[in-house]
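Trainee: Got a structure here, written out as structure tokens. Questions coming.
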Amino acid sequence: MDTSAGEAAAHAHAKALVAGNVGAAFLGMTPEGLASAMEIGNTTWNIMSYEFENQRLDGEDFLVDIIYFTDLGRLSLHYRFQDVEGVWKVAGVERDT
């Protein structure tokens, strides 16, 4: 399975957060993805950049760890992206503990 569409969606999501465009980031999430993001809580961290780690497939889902570099340090999140009717979206996100 080709992971390029899932990877592109992950980059778009991370770039939206770096740009401070939370609305665009939310549009790229399923209701379940948004709910899991809300469980992480609201951070006031300013995200300056990001990098990917551990890109992999889980069935038809694309998994990636996105490391955000912020004004308060490193923030590591585990993402699950799913193809929802031809559009890749965040279906789940967890904070690295």
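The values are calculated or read from the model by the stated rules, or taken from the named source; none is laboratory data. From a predicted model like this one, the values you see are computed outputs, not experimental measurements. In this analysis, Cβ positions are derived from the backbone assuming ideal geometry, glycine residues included, and neighbour counts consider all displayed protein chains.
Trainee: For region 51-97: of the residues being under 14 Å from His13 (Cβ atoms) and acidic (Asp, Glu), which is surrounded by the most Cβ atoms within 10 Å (Cβ to Cβ)?
Mentor: Top of the filtered list is Asp65.
Trainee: Identify, please: which residue in region 1-38 is modelled with pLDDT of 90 or more and acidic (Asp, Glu) and is, among those, farthest from Ser76 (Cα to Cα)?
Mentor: It comes out as Glu32.
Trainee: Considering only residues of region 1-35 that are of a type in the set (Ser, Thr, Tyr) and either outside any helix (DSSP H, G or I) or in contact (Cβ under 8 Å) with a residue 60 or more places away in the chain (or both), which is surrounded by the fewest Cβ atoms within 10 Å (Cβ to Cβ)?
Mentor: Filtering first and then ranking leaves Thr3.
Trainee: Go through region 53-83 and count every residue that is of a type in the set (Phe, Trp, Tyr) and over 17 Å from Ala19 (Cα atoms).
Mentor: So the count comes out to 3.
Trainee: Any residue in region 86-97 that's in contact (Cβ under 8 Å) with a residue 24 or more places away in the chain: show its pairings with residues that are surrounded by fewer than 18 Cβ atoms within 10 Å (Cβ to Cβ) and part of a loop (DSSP other than H, G, I, E, B) at Cβ separation under 6 Å, as long as the two are six or more apart or on different chains.
Mentor: Every condition considered, the pairs that remain are Lys89/Thr30; Ala91/Thr30.
Trainee: Mind checking which residues of region 36-50 are of a type outside the set (A, V, I, L, M), surrounded by 15 or more Cβ atoms within 10 Å (Cβ to Cβ) and part of a strand (DSSP E or B)?
Mentor: Scanning region 36-50 gives a single hit, Tyr50.
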